[in-house]
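Each reported figure results from applying straightforward, stated rules to the coordinates on display, with no laboratory input. Just so it is clear, the model here is predicted, and its values are computed rather than measured. Cβ placement follows ideal geometry from the backbone for every residue including glycine, while neighbour counts extend to all protein chains displayed.
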Ligand SMILES: [Fe+2]
């Protein structure tokens, strides 16, 4: 567990989620959502101790190659095929404070757009040296980085001719279970972003743009790998100003 | 113009998609050798305090079909009602209990299953005791933003009747959607994403 002793413990409840910023549950252009979307109103609950707490993960659980998808599944001396990239950024909260010790897990298709999964039937080739998963934990300033190959776009059964833009799936743990988030990162300049029914579930263009990682020329490593920068924002906490303390606590 | 609050917007959620198991439980879907074990498979060890229980169930879509590509995570207090989290200031949680579990719903039957312990009670914000419960978070292809709900326990009728959250459910018949039914040491809770048995989901 990361040491928290030099930080004030975080005990505030989270800002209410701006549901208009996220996709609604029912988005008929993304057909699978039709039968998987709750139809009743959500029951609102200002976070209790059950949700403002959450598991923390120690840096010790992370293996040396966990943040290197080019090598973490490859045979010794070999590497995954594709455009070598670095994805890096920071995890912040809505108060713009870094989230230290955040566990990030990511998964993606290979350079040809093929996932290593038994239910995947796309005819693009499997890369024997690419597994497609990785993970890392943010440092004290909220920074993270991993190395991978740029995933390919792929077709999927939704409309007759729907394709996913190149993307990387992210799962993020902050410090409270109410912050739990899964999202997808896209790449600057990809015209397919604006054709994708899953991207278009998000109603606000500015919110979509928050998922598009710019090419980061400054962090690009000459003769090796281009860099893309992707910052992630988790829900922020209220300061516990004037909030009632529980009796006996 | 007024002063800027300097707040950022939360990163928008996107569906976990059909291949969430690759990222979160790679060993489960035969991607071996990257991680030693999948996270969240072991919540307890032989020294964990409390009553051993299992929590299991399935997730149904609006056509009563079982989801086999979803994932459930749970988070709960230990037997004494403390969370294994730095934000838990009321006491120290059992070091032999993680409080967090993760399980794919897959295979033939789509069952999720957690071996855990029955949690102790924790207080609501106003100091009243909540009935013992486990927090669930559900993601899958077709779910645009993860769904939070709770599992309460069928053998805690008195505590459930006084629970501050359950008492706020206007349509009383829906309270049952959050009660896991006990048989022996197994509690079963089925999640219904929509339809007449739709689970009460929470905006936390
Ligand atoms: Fe994908």
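Rounded to the nearest 5, what is the percent of antiparallel bridges among the DSSP beta bridges in the protein assembly as shown?
Rounded to the nearest five, the antiparallel share is 75 percent.
Taking 10 °C and 1.306 mPa s as the conditions, I'd like the Stokes-Einstein D for the range B:66-110 in µm²/s, using the Kirkwood hydrodynamic radius from alpha carbon pairs.
131
Between residue A:219 and residue B:158, what is the FRET efficiency for a Förster distance of 56 Å, r being their Cβ-Cβ separation, to the nearest 0.05?
Approximately 0.40, to the nearest 0.05.
Report the FRET efficiency, 1/(1 + (r/R0)^6), for residue B:36 and residue B:170, where r is their Cβ-Cβ distance and R0 is 45 Å, rounded to 0.05.
Efficiency, from the Cβ-Cβ distance: 0.45.
Quick one: give the max-minus-min coordinate of the C-alpha atoms of the range A:133-249 along each principal axis, largest first, in Å.
Cα extents, longest axis first: 60, 40, 26 Å.
State the volume of the convex hull built on the alpha-carbon positions of chain B, expressed per residue in Å³ and rounded to an integer.
184
Rounded to two decimals, what is the ratio between the C-alpha radius of gyration of the protein assembly as shown and 2.2 N^0.38 Å?
Ratio of Rg to 2.2 N^0.38 Å for the protein assembly as shown: 0.95.
Between residue A:59 and residue A:123, what is 0.36 nm times their sequence separation minus the Cα-Cα distance? Round to one decimal in nm.
19.2 nm
Which residues among the range B:169-204 fall inside the zone where the amide N is under 13 Å from a point 7 Å beyond the Cα of residue B:52, along Cα→Cβ?
From the range B:169-204, the list is B:185-186.
Please give, to one decimal in nm, the separation of the simple spin-label points placed at residue B:89 and residue A:16, each 7 Å out from Cα toward the Cβ.
For residue B:89 paired with residue A:16, the spin-label model returns 2.5 nm.
Based on alpha-carbon centroids, what's the gap between the range B:136-193 and the range B:99-119 in Å, whole number please?
The range B:136-193 and the range B:99-119 have Cα centres separated by 15 Å.
Would you kindly work out the equivalent ellipsoid of chain A from its C-alpha gyration tensor and give its semi-axes, the square roots of five times the eigenvalues, largest first in whole Å?
So the equivalent ellipsoid measures 33, 25, 16 Å along its semi-axes.
Computed FRET efficiency, Cβ-Cβ of residue A:145 and residue A:40, R0 41 Å: what is it to the nearest 0.05?
So the FRET efficiency works out to roughly 0.50.
May I ask for the distance between the Cα centers of the range A:174-195 and the range A:82-130, given as a whole number of Å?
Rounded to whole Å, the Cα centres lie 11 Å apart.
Give the separation of the Cα centroids, the range A:54-75 to the range B:33-94, in Å.
Rounded to whole Å, the Cα centres lie 22 Å apart.
Subtracting the Cα-Cα distance from 0.36 nm times the residue separation, let me have the gained length for residue A:206 to residue A:96 in nm, one decimal.
37.8 nm
Just counting partner chain Cβ atoms within 10 Å, what average do the residues of peptide A:58-64 show around their Cβ?
The per-residue average across the peptide is 1.
Would you mind computing Rg(Cα) / (2.2 N^0.38 Å) for the range B:116-181, counting N as its residues?
1.19
If you average 1/r across every pair of different Cα atoms in the range A:39-163 and take the reciprocal, what Kirkwood value do you get, in Å?
Evaluated over the range A:39-163, this radius sits at 17.1 Å.
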